[in-house]
Structure formats: C-alpha cells, structure tokens
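The next block holds one structure in the form of structure tokens; read it before the comments.
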Amino acid sequence: MEIIKRNELPDDFSDMMQTEQHHEHEIVKDEHGVLRWRSDPFIEQFANDCSLNDIVRGFHSNGNGKNNESYRELYRKMGYSLSGYWEVFYWEANNPDADNYHPPRI
C-alpha cells in the first residue's frame, strides 16, 4: 500500500477533499490501484464480523444520519474506497442532505 497525499489525488475528489480536510485520516492506494481511506484493523474486523446494515441502523436509531461525523469516521476506518465514500455521503441519491454537512471545527 502506498500513502497518497491529498494534493496528489485526481481532480475528481477535490470538492470532497475540501469538505473532508478537517481530519488527518490517511489515504492509500491499494494493490489494485484503488484509492481508499487507510483502515483501522480493529474497525475493519468489527465491520466484517457484524452486519454493516445493523451498524447503520444503530446510528439511525440514535438520530445520527450520514452527516454525523462518527458515522463518516466509521466508513473511513473501515478502509472505504474514496469513490464509495463519495457515493454514500456526497451523492444526493444516497444522502439528500449532503449539502447540509458541516465538518467539525478543529
């Protein structure tokens, strides 16, 4: 795996990276050339052992939607691809409130 600096990412991700600049989560290129968030082995195993649908239902049952930072952090720590992350959190078809996301202040 190769660590990729944010300024080296394709322009396709520039808008998303402007919004996601509030954290220092590393981005890597995997052995297949896919750009993804660096996974946390514990969270990756947890997500593999549980149903992601059950985890997401847990977020929703506590009033936490896709614009909740903990929800997004889970996907980053699972090692989600940047394309998949965009689809889940930024594509209006999957997150009609995507424009309402405000990153936490650091």
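The values are calculated or read from the model by the stated rules, or taken from the named source; none is laboratory data. It should be emphasised that the depicted structure is a prediction, and the values quoted were computed from it without experimental measurement. Note that each Cβ is placed from the backbone with ideal geometry, even for glycine, and that neighbours are counted across all protein chains shown. The accessibility values were calculated without ligands, DNA or RNA, using every heavy atom of the protein model including side chains. Shrake-Rupley method; radii C 1.70, N 1.55, O 1.52, S 1.80 Å.
For the chain, the relative contact order works out to 29 percent when only alpha carbon pairs closer than 8 Å and six or more residues apart are counted.
Computed in the context of the full set of protein chains, the accessible area of the chain at 1.4 Å probe radius has 45% of its extent on carbon or sulfur. Working from label points 7 Å from Cα in the Cα-to-Cβ sense, the His102 to Gln45 distance is 3.9 nm. The GluC sites (Glu not before Pro) of the chain meeting both criteria, a DSSP state outside H, G, I, E and B (loop) and at most 11 other C-beta atoms within 10 angstrom of the site's C-beta, are Glu24, Glu31, Glu92. When the chain is described by a simple charge dipole with +1 on each Lys and Arg Cβ and -1 on each Asp and Glu Cβ, the residue from Leu9, Thr19, Phe59 located farthest towards its positive end is Phe59. Along region 84-89 the Karplus relation, 6.51 cos²θ - 1.76 cosθ + 1.60 evaluated at θ = phi - 60°, assigns HN-Hα couplings of x, 4, 4, 4, 6, 9 Hz to successive residues, with x for each Gly and Pro. For region 1-72, the list of trypsin sites (Lys or Arg not before Pro) that fall in a loop by DSSP and count at most 16 other C-beta atoms within 10 angstrom reads Lys5, Arg38.
Per-residue 3J(HN,Hα) values for region 7-18, derived from phi via the Karplus relation 6.51 cos²θ - 1.76 cosθ + 1.60 with θ = phi - 60°, read 6, 9, 6, x, 4, 3, 9, 5, 4, 5, 5, 5 Hz in sequence order (x marks Gly and Pro). Here the relative contact order of region 65-106, from alpha carbon pairs under 8 Å that lie six or more residues apart, stands at 45 percent.
Charge dipole of the chain (Cα centre as origin; +1 on each Lys and Arg Cβ, -1 on each Asp and Glu Cβ, all else neutral): 260 debye, rounded to the nearest 20.
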